Amino acid sequence: MEKSAEKIVILTGAGISAESGLGTFRDEDGLWAKHRIEDVATPEGFARDPDLVHAFYNARRAQSADASPNAAHTALGELQRSWPGEVVIITQNVDGLHEQGGAEAVLHMHGTLDGALCAACDHRWPAPASMSPTELCPACAQPRTRPDIVWFGEMPYFMEAIYDHLAEADIFASIGTSGQVYPAAAFVQEAQMAGAHTVELNLEPSAGASSFAESRLGRASEIVPHWTGDILARA
Ligand code: OAD
């Protein structure tokens, strides 16, 4: 009985969407091998060259629109529906594949490609397929439109809620992330302090692999459905 009330908190990264055709960041042919972080993923880069930054995210938005969820995304959606306790999904990904795979209330800590944000007044609205620096904010009419993406040097979203969830976690799983970007890379320690069982599911051991109690290595589309199957078998 008690087991069924266990709370599962899951952190995902680019590796879960790799088999849907979306590139990761730090793999050999990843996005950061082709683009400079400081040019396309910082407020300073955006101030210097908003056209370049919009072009980068417009391309990623188009690529995401063509992508479909894979077996890892749908397995997490199924886990959320079938597990008798709470299943919280936190993602560093800006694509919508978790939602398309049936997951709900996903915490997009690094923002989302679907969102536009006014840098002048903080108004948010749905992003058009192609954004440009000349687009006016529908609320304040200033041409300060940016993608609603969290850049390096900015505070990730939902941090208070995330730390509350981690403090209550019975199981913490990290899926498809290299563990190189904070604060997400330290979530495993938070969960461990809360007494959670910690498990890493990744193609290879991440930078923080030694912090996890359990490791499952392989492609997300294979190891995630196996893992959720094992968890559900205990429900
Ligand atoms: P990374 O590119 O840093 O790491 C992706 C991880 O996924 C690596 O450890 C890969 O080994 C693993 N991987 C690749 N293919 C996989 C597969 N098929 N199945 C399972 N694992 C696979 O991406 P993130 O850790 O998500 O932030 O990067 C974190 C943040 O850094 C991103 O949100 C982004 C980036 O800079 C911002 O842009 C602010």
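The values are calculated or read from the model by the stated rules, or taken from the named source; none is laboratory data. Every value quoted in this text rests on a predicted model; they were computed, and no experiment measured them. Note: ideal-geometry Cβ built from the backbone for every residue, glycine included; neighbour counts use all protein chains shown. Accessible surface is based on the protein model in full, side chains and every heavy atom, while ligands, DNA and RNA are left aside. Shrake-Rupley method; radii C 1.70, N 1.55, O 1.52, S 1.80 Å.
Numbers at a glance
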item	result
With DNA, RNA and ligands ignored, accessible area of Asp122 (1.4 Å probe; Å², nearest 10)	100 Å²
Amide H contacts of Thr91 (H built 1.01 Å from N, under 5 Å, at least 5 apart or other chain)	Thr12, Leu107, His108, Met109
Ala62 versus Arg26: modelled label distance in nm, points set 7 Å from Cα along the beta carbon direction	2.9 nm
Euclidean distance of C-alpha centroids, the stretch 1-47 and the stretch 91-117, integer Å	11 Å
Per residue solvent-accessible surface (Å²) - the stretch 163-202, probe of 1.4 Å	39 Å²
In nm, spacing of pseudo-spin labels at Ser82 and Ala141 (7 Å Cα→C-beta vector)	5.5 nm
Solvent-accessible area, 1.4 Å probe, carbon plus sulfur percent, for the chain	52 percent
DSSP-loop trypsin sites (Lys or Arg not before Pro) across the stretch 165-235, with at most 14 other Cβ within 10 angstrom	Arg234
Spin-label model distance (nm) - Ala186 vs Arg48, 7 Å beyond Cα toward Cβ	2.8 nm
Sparsely packed trypsin sites (Lys or Arg not before Pro) within the stretch 20-113, loop by DSSP, other Cβ within 10 Å at most 16	Arg26, Arg36
For the chain, calculated [θ]222 nm from helices alone, where every DSSP H run of n ≥ 4 adds -39500 (n - 2.57)	-9000 deg cm²/dmol
